[in-house]
1. For the condition crowded, with 18+ Cβ neighbours inside 10 Å, closer than 23 Å to residue 145 by Cα and more than 15 Å from the chain's Cα centre (by Cα), what is the one hit in 87, 111, 44, 93?
2. How many residues does the range 122-151 contain that are more than 12 Å from residue 71 (Cα to Cα) and assigned to a helix (DSSP H, G or I)?
3. Which residue pairs have Cβ atoms closer than 6 Å, lie 6 or more positions apart in sequence or on different chains, and pair a first residue in the range 62-89 that is closer than 12 Å to residue 40 by Cα with a second residue that is loosely packed, with under 15 Cβ neighbours inside 10 Å?
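Each reported figure results from applying straightforward, stated rules to the coordinates on display, with no laboratory input. These numbers come from a predicted model, not from an experiment. Don't worry about glycine lacking a Cβ; one is built from the backbone with ideal geometry, like all the others, and counts go over all protein chains shown.
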């Protein structure tokens, strides 16, 4: 990862690890089933926390960036689908919030962004090309939001 952020073992050019997680409605979302179009996988620590809410509201308010790039946005945390449903409703998120709840943090771990000490995902973003290969990865350290400009840069690479 660049930007001095959350460290991951995955880099651009690696195949994105496949996963299936429930969204806030309990629907199973499988990454490999989304091939044919780009996907942006955004790991964040917890629903309803200050920095995470600010980041996801930024994405909500600028969802047109993702639509223009024809990219599907998936936001992943270790929260339960029930928590994520309430979070999406309260904040007006219309993109999928995925529950990496059980096994706890398993998908975040496969992407190299799970914080074993804190029991949460770090702030890691993975831009997956239509072929399932990572086009870009970036993140920020704990307590620091990712910039919208960094998303713009990543989406331009698609």
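1. 87
2. Residues flagged as more than 12 Å from residue 71 (Cα to Cα) and assigned to a helix (DSSP H, G or I) within the range 122-151 amount to 3.
3. 70/37
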